[in-house]
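Below is one structure, written out as structure tokens, with a few remarks after it.
The values are calculated or read from the model by the stated rules, or taken from the named source; none is laboratory data. All values derive from a computational prediction rather than experimental measurement. With ideal geometry, Cβ positions are generated from the backbone for all residues, glycine too; neighbour counts draw on all protein chains shown. Side chains are part of the model used for accessible areas, which takes the heavy atoms of the whole protein and leaves out ligands, DNA and RNA. Shrake-Rupley method; radii C 1.70, N 1.55, O 1.52, S 1.80 Å.
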Amino acid sequence: MASKKSAPDRLTDRELSRWRLVEDFKERLQAAAAKTPLAATWSHPERLLAYTDYLSLFLLGLLNPVVRTMRGLCAASHLERVQAEVCSHTVSLGSFSEAQAVLDPALLAEVFGQLSREVCAGPGVVAATQHRWLIQDGSLFAALPRMYWALWRRQGQAQSQVRLHLSLDLAHAAPARVVITPGKVCERAAWRTQCQRGDGYIGDRYYGEDYGLFGELDAAGVVFVLRLRDQAVINGVEELPLTEADRAAKVTRSAWVTLGCKAEQQSIRLRVVWVQTDKELLRLVTNLGPEELSAGEVALLYKERWQIELFFRWVKCILGCRHWLVESPQGVALQLYLALIAALLLQLYTGRPPTKRMMELIQ
């Protein structure tokens with residue numbers, strides 16, 4: 001298995017030559033297959049297309065701007081170098097399409113998890129507390145009308161969308177956990193399945209709407225910095241003093257509060273930090289006290305939330321995940337997992353999060 005490279009001063013074509021990303025990916029796939037049972041069809045003596053060939057060819061399509069369609073990938077499989085280093089046989093349209101139905105995305109989930117742990121184990125940005133801070137958000141990917149399983153809204157023009165629920169490691173700007181669902185699935189419900197004891201989460205206003213969830217997270221040992229909606233009912237309990245560092249971070253007020261208009265539905269005791277930006281007043285809620293996370297650090301942590309928006313933009317626009325090569329729920333999960341694996345492989349070999357310039361040099 002290829003070892004992790006230190007961050008070079010300048011990315012060169014030599015650093016990513018000889019299809020090294022695909023080679024590493026194939027080795028990780030084989031290791032993951034030992035832990036994840038495959039369908040019996042993959043060991044059938046008459047099957048020519050191996051699961052490593054299919055997924056490696058798929059990954060090549062995400063990293064190469066020339067082949068953006070299923071037909072293009074199948075045509076590329078006829079090339080001598082592609083057969084030597086990516087897939088051992090030519091691939092037909094029927095075989096490529098059929099593979100998505102007999103391949104469990106759990107195989108790629110195992111590869112993703114291994115890569116994420118490897119990337120996030122390296123040195124990163126120093127955290128404000130002992131918690132591992134993750135940025136939580138979801139992003140919608142438009143689906144084709146015939147992908148009926150992804151049908152979401154029926155009012156007016158029907159919409160079919162897929163939602164990627166992502167936890168992005170703040171210290172390394174790398175994807176850490178992921179859930180892939182139809183667009184109608186609630187982001188908070190998916191978040192409940194992703195969070196773990198000891199985590200620290202940063203989230204936008206949607207995650208700050210459910211006051212009961214705050215108590216669940218606190219009891220589970222999860223800390224958070226979330227934005228509240230402007231309409232949130234805040235019941236003041238105890239004002240907290242501000243330091244010069246807090247004011248430098250544009251904090252105008254900090255207080256222990258409860259949330260909610262009805263006494264029986266109020267939240268647990270929380271701390272709200274008011275931050276005045278150039279455009280608006282932010283109300284940030286956390287279950288950490290000022291001795292663990294100052295008001296200024298709360299403001300600075302939430303400021304980093306934009307990193308996940310940049311990552312979603314990279315996946316959609318640079319990797320081309322707005323175009324589906326597959327249409328089934330399993331196939332969509334395979335494509336999105338491959339996109340995240342591509343991002344992690346790039347970061348593992350270059351020592352930095354993927355960028356548009358990096359992809360241009362590779363391609």
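Summary table below
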| quantity | calculated |
| --- | --- |
| Among the candidates V162, V178, residue that is surrounded by fewer than 21 Cβ atoms within 10 Å (Cβ to Cβ), touching a residue at least 60 places away in the same chain (Cβ under 8 Å) and not aromatic (F, W, Y) | V178 |
| Residue match in the stretch 197-206 (condition: open to solvent by 10 Å² or more (accessible area, probe 1.4 Å), closer than 15 Å to L168 by Cα and part of a loop (DSSP other than H, G, I, E, B)) | yes |
| Members of the stretch 36-65 that are open to solvent by less than 40 Å² (accessible area, probe 1.4 Å) and aliphatic (A, V, I, L, M) | L49, A50, L55, L57, L59, L60, L62, L63 |
| Residue in the stretch 279-290 that is without any contact (Cβ under 8 Å) to a residue 60 or more places away in the chain, open to solvent by less than 10 Å² (accessible area, probe 1.4 Å) and outside any helix (DSSP H, G or I) present | yes |
| Some residue of the stretch 228-248 being buried (at least 17 other Cβ atoms within 10 Å of the Cβ) and under 23 Å from the mean Cα position of the chain (by Cα) | yes |
| Candidate set from the stretch 126-143 (those that are buried (at least 21 other Cβ atoms within 10 Å of the Cβ) and among the small types (G, A, S)); member that is modelled with the lowest pLDDT | A143 |
| Single condition L319 does not satisfy, out of (1) open to solvent by less than 10 Å² (accessible area, probe 1.4 Å); (2) aliphatic (A, V, I, L, M); (3) modelled with pLDDT of 85 or more | (3) |
| Unique residue being open to solvent by 50 Å² or more (accessible area, probe 1.4 Å) and either in contact with a helix residue (DSSP H, G or I) (Cβ under 7 Å, 6 or more places away or on another chain) or not in a helix (DSSP H, G or I) (or both) when the list is R68, R117 | R68 |
| Single match in W274, W256 (criterion: open to solvent by less than 70 Å² (accessible area, probe 1.4 Å) and either over 31 Å from the mean Cα position of the chain (by Cα) or under 22 Å from I308 (Cα atoms) (or both)) | W256 |
| Residue in the stretch 298-309 that is touching a residue at least 60 places away in the same chain (Cβ under 8 Å), of a type in the set (D, E, K, R) and surrounded by 21 or more Cβ atoms within 10 Å (Cβ to Cβ) present | no |
| Qualifying position, being closer than 18 Å to Y206 by Cα and modelled with pLDDT under 95, among V285, V272, V237, V233 | V233 |
| First in the stretch 327-352 and without any contact (Cβ under 8 Å) to a residue 60 or more places away in the chain and open to solvent by less than 10 Å² (accessible area, probe 1.4 Å), second anywhere and in a helix (DSSP H, G or I) and of a type in the set (G, A, S), Cβ under 8 Å, 6 or more apart | none |
| Boolean, A232 is out of contact with any Cys (no Cβ under 7 Å at 6 or more places or on another chain) and either part of a loop (DSSP other than H, G, I, E, B) or free of Cβ contacts under 8 Å to residues at least 12 places away in the same chain (or both) | yes |
